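S.K.: After the structure tokens below, expect a handful of questions from me.
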Amino acid sequence: MSILHTKFLIHWTGKDFHQPQNELSDDIRNQYIDRLIDVLQHGFFMKPGNETIWGTNKASITGRISRTCFTEIKLSLAKEHATKYGSLGIGVNRKYVLERYGGPVFYVQNGSNSNIIENFYKVLLFLDKHKEEIKKEFAIICGYIKNMSEKDQEELSYYDELEWRITHLNRLDGKYVTTQDASNYIYRIKIKPEDIKVIVFPDIKTKNMTLIRSDINKLIDNPICVTLDDCQDF
């Protein structure tokens, strides 16, 4: 089996229809296959975030700009990560993300010790009194801020994810991004077969059910295909 290097960034999906701690049925497996086909045909799903991060003096910011998230975690930790976001991983290389103006997030404390959030909040208050266009640029910056933990919790439950993001920018439209639902700020990041470098399947049966299908094999270009159990060996 080929070695998976951290140059690959993995997008996880499936949590909306499958709680990973629950057993896989063939119906769930087929939903994962349908999700994979949807991503391969239409691109990575990009929608607004809604996480609020808190700071000192009860300041807070919310990065609502549309984004798609990837993780650079060691694949040996994939099973743990899949429990948060879904058991299907679709991986690209860093160049794919960087070409679309993406990058790693900026991790900050979340809670009463997060002075940086209060600083951001003060800047936001200032921008509220000025041009709307400047606020849009500030929203893009907020889209790259990530909390390390739940509010005021010591356990840094998100810090180990090594998350990267691509946020929506108007200059991406057309070449890299298509619009799915403009009123709700939902977009898709285009994918070509050669862009997909890794696919992590929920289990071996889902992998086998997928790879025997000729329609799916036309949408990929010989990526590394492993299961969550395989990843524990890395």
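Each value in this text was obtained by applying a stated rule to the coordinates, not by laboratory testing. Computed from a predicted structure; not experimentally measured. Positions of Cβ are generated from backbone atoms using ideal geometry, with glycine treated the same way; all protein chains shown enter the neighbour counts.
S.K.: How large is the dipole of region 193-234 about the Cα centre if only Lys and Arg carry +1 and Asp and Glu carry -1, each at its Cβ, rounded to the nearest 20 debye? Each step should come with its number before you reach the end.
M.R.: On the way: 5 positive and 8 negative charges, 38 e Å.
Around 180 debye, computed over region 193-234.
S.K.: Determine the sum of side-chain charges near Phe44: Lys and Arg each +1, Asp and Glu each -1, restricted to other residues whose C-beta is under 9 angstrom from that of Phe44. The partial results should precede the final answer.
M.R.: Values: positive: Arg188, Lys190; negative: none.
Here the count lands on +2.
S.K.: Oh, and also: Please list, ordered by chain and number, the residues whose modelled amide H lies under 5 Å from the amide H of Glu163; skip anything fewer than 5 residues away on the same chain.
M.R.: Those qualifying (amide H under 5 Å, at least 5 residues apart or on another chain) are Glu72, Val105.
S.K.: Positive end of the dipole of region 123-234, charges at C-beta (+1 Lys, Arg; -1 Asp, Glu), about the Cα centre: which of Asn208, Tyr185, Ile140 has its Cα farthest in that direction?
M.R.: Farthest towards the positive pole: Tyr185.
S.K.: Within region 95-162, list the GluC sites (Glu not before Pro) lying in a DSSP loop whose Cβ has at most 15 other Cβ atoms in a 10 Å radius.
M.R.: On the way: sites: Glu99, Glu118, Glu132, Glu133, Glu137, Glu150, Glu154, Glu155, Glu161; in loops: Glu150, Glu154, Glu155.
Passing both the DSSP loop test and the Cβ count: Glu150, Glu154, Glu155.
S.K.: Rounded to whole Hz and in sequence order, give me ³J(HN,Hα) for region 145-150 from the Karplus expression 6.51 cos²θ - 1.76 cosθ + 1.60, θ = phi - 60°, writing x for Gly and Pro.
M.R.: Values, residue by residue: 9, 10, 6, 7, 8, 5 Hz.
S.K.: Taking the Cα centre of each part, how many Å lie between region 1-68 and region 162-208?
M.R.: Here the two parts' Cα centres lie 10 Å apart.
S.K.: Can I ask one more? Can you work out the Karplus-derived ³J(HN,Hα) for every residue in region 38-50? Use 6.51 cos²θ - 1.76 cosθ + 1.60 with θ = phi - 60°, whole Hz, and x for glycine or proline.
M.R.: 4, 5, 5, 7, 10, x, 5, 6, 10, 9, x, x, 9
S.K.: Given axes a ≥ b ≥ c from the Cα gyration tensor, I'd like to know whether the chain is rounded (a/c under 1.5), prolate (a/b larger than b/c) or oblate.
M.R.: Numbers: a/c = 2.21, a/b = 1.56, b/c = 1.42.
Verdict is prolate for the chain.
S.K.: Let me ask another. With a/c under 1.5 counting as rounded, go ahead and sort region 1-119 into rounded, prolate or oblate using the C-alpha gyration tensor (a ≥ b ≥ c being the square roots of the eigenvalues; past the cut-off, prolate if a/b is larger than b/c, else oblate). All intermediate terms of the calculation are to be shown ahead of the outcome.
M.R.: Working: a/c = 1.92, a/b = 1.61, b/c = 1.20.
In terms of gyration-tensor shape, prolate.
S.K.: Can you tell me the 0 to 90 degree angle between the C-alpha axis of helix 132-142 and the longest principal axis of the chain, rounded to 10?
M.R.: Between the helix axis and the principal axis of the chain, the angle is about 50 degrees.
S.K.: Something else about it: I want the antiparallel fraction of DSSP beta bridges within the chain, as a percent rounded to 5. Walk me through the numbers before you get to the answer.
M.R.: Numbers: 29 of 37 bridges.
Bridges in the chain are about 80 percent antiparallel.
S.K.: What residues have an amide H closer than 5 Å to that of Ile224, excluding those fewer than 5 places away on the same chain, when H is modeled at 1.01 Å from N in the peptide plane?
M.R.: Val198, Ile199
S.K.: So for region 10-125, taking the charge dipole from beta-carbon charges (+1 Lys/Arg, -1 Asp/Glu), which of Gln109, Thr71, Met46 sits furthest toward the positive end?
M.R.: Final value for the positive-end residue is Gln109.
S.K.: Could I ask something else about it? Among Ile90, Gln19, Leu156, whose Cα projects farthest towards the positive end of the dipole of the chain, with charges put on the beta-carbon of Lys, Arg (+1) and Asp, Glu (-1)?
M.R.: Farthest along the dipole direction, towards plus: Ile90.
S.K.: Compute the long axis of helix 115-127 from its Cα atoms, compare it with the longest principal axis of the Cα atoms of the chain, and write down the angle in degrees, 0 to 90, nearest 10.
M.R.: Helix 115-127 and the main axis of the chain meet at about 70 degrees.
S.K.: Grab the other residues whose beta carbon is less than 11 angstrom from that of Ser66, score K and R as +1, D and E as -1, and report the net. Could you put the intermediate results ahead of the total?
M.R.: Working: positive: Lys47, Arg64, Arg67, Arg165, Arg188; negative: Asp181.
Net of charged neighbours comes to +4.
S.K.: Each residue of region 68-74 in order: what ³J(HN,Hα) in whole Hz does its phi give by Karplus 6.51 cos²θ - 1.76 cosθ + 1.60, θ = phi - 60°, with x for Gly and Pro?
M.R.: Values per residue, Gly and Pro as x: 10, 10, 10, 10, 10, 5, 4 Hz.
S.K.: Using 1/(1 + (r/R0)^6) with R0 = 25 angstrom and r between the beta carbons of Val123 and Thr179, what's the FRET efficiency to the nearest 0.05? Walk me through the numbers on the way to the answer.
M.R.: Details: r = 30 Å, r/R0 = 1.18.
For R0 = 25 Å, the calculated efficiency reads 0.25.
S.K.: Here is a follow-up. If you place +1 on the Cβ of every Lys and Arg, -1 on the Cβ of every Asp and Glu, and leave all else neutral, what size is the dipole of the chain about its Cα centre, to the nearest 20 Debye?
M.R.: Numbers: 32 positive and 32 negative charges, 180 e Å.
The calculation lands at about 860 debye.
S.K.: Lys and Arg at +1, Asp and Glu at -1: add these up for the other residues within a Cβ distance under 10 Å of Phe8 and post the number.
M.R.: Details: positive: Lys7, Arg94, Lys197; negative: Glu72.
Net charge in that neighbourhood comes out at +2.
S.K.: Sticking with this one: Counting other Cβ atoms within 10 Å, keep those with at most 13, restrict to DSSP loop, and tell me which trypsin sites (Lys or Arg not before Pro) in region 102-169 are left. Write out the running numbers ahead of the final one.
M.R.: Details: sites: Lys122, Lys129, Lys131, Lys135, Lys136, Lys146, Lys151, Arg165; in loops: Lys129, Lys131, Lys151.
Here the trypsin sites (Lys or Arg not before Pro) that fit, given the DSSP loop and packing criteria, are Lys129, Lys131.
S.K.: Apply the a/c threshold of 1.5 to the C-alpha gyration tensor of region 124-185 and tell me whether it is rounded, prolate or oblate. Numbers along the way, then the final one.
M.R.: Numbers: a/c = 2.71, a/b = 1.35, b/c = 2.01.
Here region 124-185 falls in the oblate category.
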